1. With the requirement that a residue be surrounded by 15 or more Cβ atoms within 10 Å (Cβ to Cβ), hydrophobic (A, V, I, L, M, F, W, C) and at pLDDT 85 or above, what does the range 1-41 give you?
2. Condition (residue is outside the structural domain of residue 75 (by TED's automatic domain parsing), surrounded by fewer than 23 Cβ atoms within 10 Å (Cβ to Cβ), of a type in the set (A, V, I, L, M, F, W, C) and part of a helix (DSSP H, G or I)) applied to the range 280-301: is it met by at least one residue?
3. Could you list, in sequence order, the residues of the range 252-304 that are out of contact with any helix residue (DSSP H, G or I) (no Cβ under 6 Å at 6 or more places or on another chain) and hydroxyl-bearing (Ser, Thr, Tyr)?
4. Looking at this structure, is residue 106 at pLDDT 95 or above, closer than 30 Å to residue 69 by Cα, more than 16 Å from the chain's Cα centre (by Cα) and surrounded by fewer than 23 Cβ atoms within 10 Å (Cβ to Cβ)?
5. I'd like the residue in the range 61-97 that is part of a helix (DSSP H, G or I) and in contact with a helix residue (DSSP H, G or I) (Cβ under 6 Å, 6 or more places away or on another chain) and, out of all such residues, is farthest from residue 120 (Cα to Cα).
6. Within the range 42-51, work out how many residues are surrounded by 11 or more Cβ atoms within 10 Å (Cβ to Cβ) and under 21 Å from the mean Cα position of the chain (by Cα).
7. When the residues of the range 234-247 are filtered to those that are farther than 14 Å from residue 144 by Cβ and out of contact with any strand residue (DSSP E or B) (no Cβ under 6 Å at 6 or more places or on another chain), which remaining residue is surrounded by the most Cβ atoms within 10 Å (Cβ to Cβ)?
8. So which of 244, 260, 226, 239 ends up being part of a helix (DSSP H, G or I) and in contact with an Asp or Glu (Cβ under 9 Å, 6 or more places away or on another chain)?
Amino acid sequence: MDARSTTPASSAEPSTVLAVDIGGTKMAAGVVSSDGMLIDRAQTPTPASLDGDELFATLADLLDRFRPFDQFVVCGVGCGGPMSAGGATVSPLNIPAWRSFPLGERLARLTGRETKVDNDAKALALAEAWVGAARGCRDFVAMVVSTGVGGGIVLDGRLLDGAAGNAGHIGHMLVEPGGTAVPGHVAGVLESEASGTGIAYRTGRPAAEASAAEIERVGRMVGRAVGSTANLLDLKLAVIAGSVALGYGEPFFAAAQAEVDALCQLDFSRGTKVRPAGCGDEGPLIGAAAVGLRYLGHPIGIIS
């Protein structure tokens, strides 16, 4: 069940949205217009605390700079998963303090605004279809390669949700049998092989200090997942964001594309392209806003 404020929904046309992005490394918030422009933003490191209320207090402090909250038509949230149906509770793998945490309900109570929560990578897919590199495309996968790895899938112009809203967890696709066994993950899944957490665990160095060989390897692992997804779902585009992917830049994308080219040999998947996400580092907040606006029925590009 979606978290709702105790006050009636605004009858005004959507104008500005309070956007919230929750990640394992940082929490961000911002103001986004109804046409997908990021107007203002702020961020703070995600505390390492195991106290869920303490974590939420940090988020509340961050949101204080955006008062008064009644200027916003809705609050949209992108958060790491998994989560329960409708985003009612969240259990991000890289935020141990939140297990079945009622994030939407708590934010609705804090802000007095209707609040919609969805997976952060699905939010990115909305942003890229709306104003980014997948604009006008009806079939694509969007990925976040950062502290963790997530995905959102658009087919026939529809964002796939799944039974509990968790469709698109490409980070848990097996890409290297017998590979890295990051604690809490199955050995060899993409998140273990290509996330910032997995890279640091495997190499003993921060992901930002990866060697050229490691960057190429991470690109190949991501390309392996993209190629398999393209073959399975009949799509021709992958847009990729996140601090690891965008930080590694051209060598990462070249390696990912080469792996996709090697795997996509079917008539319908040959020529699948890997592209950097068009929204850049603004994508998570634009996507969070899109989550809220879509909930209100506001058009988000061609996405239904």
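The values are calculated or read from the model by the stated rules, or taken from the named source; none is laboratory data. Quantities reported herein were computed from a predicted structural model and do not represent experimental measurements. In this analysis, Cβ positions are derived from the backbone assuming ideal geometry, glycine residues included, and neighbour counts consider all displayed protein chains.
1. Correct list: 17, 18, 19, 20, 22, 27, 28, 29, 31, 32, 38.
2. Checking the range 280-301: not a single residue is outside the structural domain of residue 75 (by TED's automatic domain parsing), surrounded by fewer than 23 Cβ atoms within 10 Å (Cβ to Cβ), of a type in the set (A, V, I, L, M, F, W, C) and part of a helix (DSSP H, G or I).
3. Hits for the range 252-304 are 295, 304.
4. yes
5. The qualifying residue farthest from residue 120 (Cα to Cα) is 69.
6. 5
7. Looking at residues that are farther than 14 Å from residue 144 by Cβ and out of contact with any strand residue (DSSP E or B) (no Cβ under 6 Å at 6 or more places or on another chain), I get 236.
8. 226
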